[in-house]
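One structure is given here, and the rest of the page talks about it.
The values are calculated or read from the model by the stated rules, or taken from the named source; none is laboratory data. Quick caveat, the model's predicted, so the values are computed rather than measured. Neighbour counts run over all protein chains shown; Cβ positions are idealised from the backbone, glycine included.
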């Protein structure tokens, strides 16, 4: 005779069941089933996060969960999509305390409410290594209206949302390598602000879009290769938070880190001059700052960066690479 | 000036791009975009696999990839769904040789062709720990026709596909703890056979279904709790491969391991007596063996197992638990 529910099912049911959407079948089946919204295309993306690589091993579990969900929401924002739901796999050491699961689920609950989506399914396993997380997000978009990386044209402005470099400086701050008096920079590293609402208003405005996750310069390179053109940006135009600006003033070498570091999760856009007013109106409606930092140009798919002194900036690396 | 493609993008493009479906946008965007098939519901599931937990660290990468895809295909089979596509996250040590990626992609390619689906997106990251994989699979089903875990009724037969216990014994064989002269058992551990074709024929035949991944007895407990009833099975009716039967004959203690060990990836079904002929016809059409091993009964959601000697079998554990 057998039939007791093993502990991982109890943990899943207790902490994740309250988060489940209708299609999730109470997380009690092999898969979720749902009818896709009529007349919409589906948008799907997946991101992994590993402790010690994408977040700090002692980061609070609610913030780890929210960062995982938000990095994926940022991918939806970059496509102009509306969030629908997500699936999640969680691999954690066997001695992980229940409080970790409770905190993790609380973080998911907060962001489900903020961004309007629900968990559809997933898997929880043990690992002898660091916490390893993977999330697949599903969203929808009007047919043919998804934002793409390949539409930039010569003359389009290079635009960014929010401020750039806070995530990279925030990692330094969170690891005790940079002063962060008000905790703003570490907070930006731990809790990205995906521009989901603005993304949904950019169809017909942006000719190309992506989210900045691996560093501004490297990611701008993707838009250049996608469109078969180059781009020139001015470091002095790249918007910095007052906290990042203070750090750069104290140590000018940090400017390059702002341009090439990861974890911004802001949007990078190509916008024709004729649509700048529409962009500004959409940004105001969403309460998000937008800034033009340069222009796309004909030519080889390269990114030129002019420094504050007017001379070309030499950057050691364009951005973060896992296998450099 | 920057814009070189960092190494992980080269690896992804080189090995994974040939696997990408049309909606994957050449893996060059933040997300995939596709129109869901008209008049179908979507079925989605996710599973994680960690080296040293779900597969052996030195297992060939093509078989690791195929096992990852097949465990998810088995979830679709259990829902009666038709495969559509998948997203994949791969976290590997920084010194992983390119040959590993090549082998991994070759395994995916083989099973994409065999099961008719394509990669839609994903993420590749480094990890300081063991290889950690996660796969989200998407399938479709006619509206309202998904197989569920909660429909078993008293009197329905308990049915299984294929043979049971090969995966659990195969793990012993693959780790040198059990003789496996022809390599059959280790092969069953490393390469499951998801019953996708049969699953798609079971709507209107099975009243409940799931795939057996955590051990027959434990998983039968899920169908019991789902339907609010009990089940009794006969160990002597549980189909064993000739290789598993030989192992059990040499060491009778292995019979319990066959009933409670994981990694079967066979289907577990509830089928009313009136539909047994239809079940057998569907199984013949798919070339899959089906065997009745017991019956569902009214009462508490418990699983009773009668041993070959006619006495109740005491099983130490119902199945595999990650956090016992």
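Might you check whether a residue that is over 25 Å from residue A:52 (Cα atoms) and not assigned by TED's automatic domain parsing to the domain that holds residue A:273 occurs anywhere in the stretch A:188-200? Scanning the stretch A:188-200, I find no residue that is over 25 Å from residue A:52 (Cα atoms) and not assigned by TED's automatic domain parsing to the domain that holds residue A:273, so the answer is no.
Counting only helices (runs of 4 or more DSSP H) that sit wholly inside the stretch A:1-120, those with at least 2 residues that are modelled with pLDDT of 90 or more and either in contact with a strand residue (DSSP E or B) (Cβ under 6 Å, 6 or more places away or on another chain) or within 22 Å of residue A:192 (Cα to Cα) (or both) are A:61-79, A:98-115.
Does residue B:276 qualify as being modelled with pLDDT of 95 or more, within 27 Å of residue B:54 (Cα to Cα) and outside the structural domain of residue B:67 (by TED's automatic domain parsing)? Taking the combined requirement at face value, the residue does not satisfy it.
All conditions in (1) under 14 Å from the mean Cα position of the chain (by Cα); (2) at positive phi hold for residue B:39, with the sole exception of (1). The single condition among (1) crowded, with 24+ Cβ neighbours inside 10 Å; (2) facing chain B (nearest Cβ under 9 Å); (3) under 30 Å from residue B:28 (Cβ atoms) that residue A:148 does not meet is (1). The residues on offer are B:147, B:120, and the sole one that is within 21 Å of the chain's Cα centre (by Cα) and closer than 23 Å to residue A:50 by Cα is B:120.
Among the residues of the stretch A:42-72, the ones that are within 11 Å of another protein chain (Cβ to nearest Cβ) and in contact with a helix residue (DSSP H, G or I) (Cβ under 6 Å, 6 or more places away or on another chain) come to 4 in all.
Every condition in (1) assigned to a loop (DSSP other than H, G, I, E, B); (2) free of Cβ contacts under 8 Å to residues at least 60 places away in the same chain is met by residue B:173 except one, and the failing one is (1). The number of residues in the stretch B:115-128 being within 8 Å of chain A (Cβ to nearest Cβ) and surrounded by 24 or more Cβ atoms within 10 Å (Cβ to Cβ) comes to 5. The residue that is surrounded by the most Cβ atoms within 10 Å (Cβ to Cβ), among those in the stretch B:29-41 that are more than 7 Å from chain A (Cβ to nearest Cβ) and in contact (Cβ under 8 Å) with a residue 24 or more places away in the chain, is B:40. Any chance you could count how many residues in the stretch A:83-99 are surrounded by 20 or more Cβ atoms within 10 Å (Cβ to Cβ) and more than 8 Å from every other protein chain (Cβ to nearest Cβ)? Selection size over the stretch A:83-99: 5.
Hey, any hits in the stretch B:304-315 for a residue that's in a loop (DSSP other than H, G, I, E, B), outside the structural domain of residue B:252 (by TED's automatic domain parsing), under 22 Å from residue B:227 (Cβ atoms) and at pLDDT below 95? Yes, the stretch B:304-315 contains a residue that is in a loop (DSSP other than H, G, I, E, B), outside the structural domain of residue B:252 (by TED's automatic domain parsing), under 22 Å from residue B:227 (Cβ atoms) and at pLDDT below 95.
A single entry from A:162, A:187 fulfils the requirement of being under 17 Å from residue A:68 (Cβ atoms) and surrounded by fewer than 24 Cβ atoms within 10 Å (Cβ to Cβ): A:187. Based on this model, can you work out whether residue A:106 counts as more than 7 Å from chain B (Cβ to nearest Cβ), closer than 28 Å to residue A:35 by Cα and surrounded by fewer than 20 Cβ atoms within 10 Å (Cβ to Cβ)? Taking the combined requirement at face value, the residue satisfies it.
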